[in-house]
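Let me begin by presenting the structure, written as structure tokens, before commenting on it.
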Amino acid sequence: MKKRILWTLLIISLCFNVYAIGKNFWVGMYTPNLEDQDILGEMTQLVVESDAYQKLTETEKVYAITTGVDRNKGGVYPFHYGVSVRTDKQSYIFSCKDKTCSEMNIGESTYSRYSEEDPVLPLK
């Protein structure tokens, strides 16, 4: 009886540890740490200063700028960072043009929630 309880506790403990380690690893793939936040902040400034962003603001209304990390897509530093500019028509994801990340360019474009919905602010 005691062996059964010990085995049960061992299995539960093992499962919990595997879950906790796996969750931390998986969340870490998409969550920026403090160093990432600094880099993404500087990248956002580069985006706002870029020619592509300036041209974009002439034709579309920008509602939001967000940042993100995706270490799971196989990119290497600094290409796993992205700055998303959300407009009334589409969302544009800016990424580094080269390894020095001295310039930003539009890498992808996706659906924008603002093409069909009103902005969140002001809160009602």
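The values are calculated or read from the model by the stated rules, or taken from the named source; none is laboratory data. Values in this document were obtained by computation on a predicted structure and should not be read as measured data. Here the Cβ is made from the backbone with ideal geometry for all residues, glycine too, and neighbour counts use every protein chain on show. Remember, those area values only see protein heavy atoms, side chains included, never the ligands or the DNA or RNA. Shrake-Rupley method; radii C 1.70, N 1.55, O 1.52, S 1.80 Å.
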(message) If I ask for residues that are part of a helix (DSSP H, G or I) and either loosely packed, with under 10 Cβ neighbours inside 10 Å or of a type in the set (D, E) (or both), which ones from the stretch 1-35 would you list?
(response) K2, K3, R4, I5, F25, V27, L34, E35
(message) Among the listed residues S95, S115, identify the single one that is buried (at least 17 other Cβ atoms within 10 Å of the Cβ), among the polar types (S, T, N, Q) and at pLDDT below 90.
(response) S95
(request) For T100, state whether it is open to solvent by 50 Å² or more (accessible area, probe 1.4 Å) and part of a strand (DSSP E or B). (result) no
(message) Name the single residue that is farthest from R113 (Cα to Cα) among those in the stretch 59-74 being open to solvent by 60 Å² or more (accessible area, probe 1.4 Å) and assigned to a loop (DSSP other than H, G, I, E, B).
(response) G74
(request) Output yes when any residue across the stretch 78-87 is more than 20 Å from E49 (Cβ to Cβ), among the hydroxyl-bearing types (S, T, Y) and either crowded, with 16+ Cβ neighbours inside 10 Å or under 16 Å from the mean Cα position of the chain (by Cα) (or both), and no when none is. (result) no
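Scan the stretch 36-58 and tell me whether some residue there is in a helix (DSSP H, G or I), at pLDDT below 85 and open to solvent by less than 70 Å² (accessible area, probe 1.4 Å).
Initially, the stretch 36-58 is screened for residues in a helix (DSSP H, G or I), giving 36-49, 51-58.
Those left that are additionally at pLDDT below 85: 36.
Among the residues that remain, those that are also open to solvent by less than 70 Å² (accessible area, probe 1.4 Å) are: 36.
Yes, the stretch 36-58 contains a residue that is in a helix (DSSP H, G or I), at pLDDT below 85 and open to solvent by less than 70 Å² (accessible area, probe 1.4 Å).
Which is within 14 Å of the chain's Cα centre (by Cα) and more than 22 Å from L121 (Cα to Cα), of Y53, Y30, Y92, Y19? Working first, answer last.
Numbers: Y53 fails: within 14 Å of the chain's Cα centre (by Cα); Y92 fails: more than 22 Å from L121 (Cα to Cα); Y19 fails: within 14 Å of the chain's Cα centre (by Cα).
Exactly one residue qualifies, and that residue is Y30.
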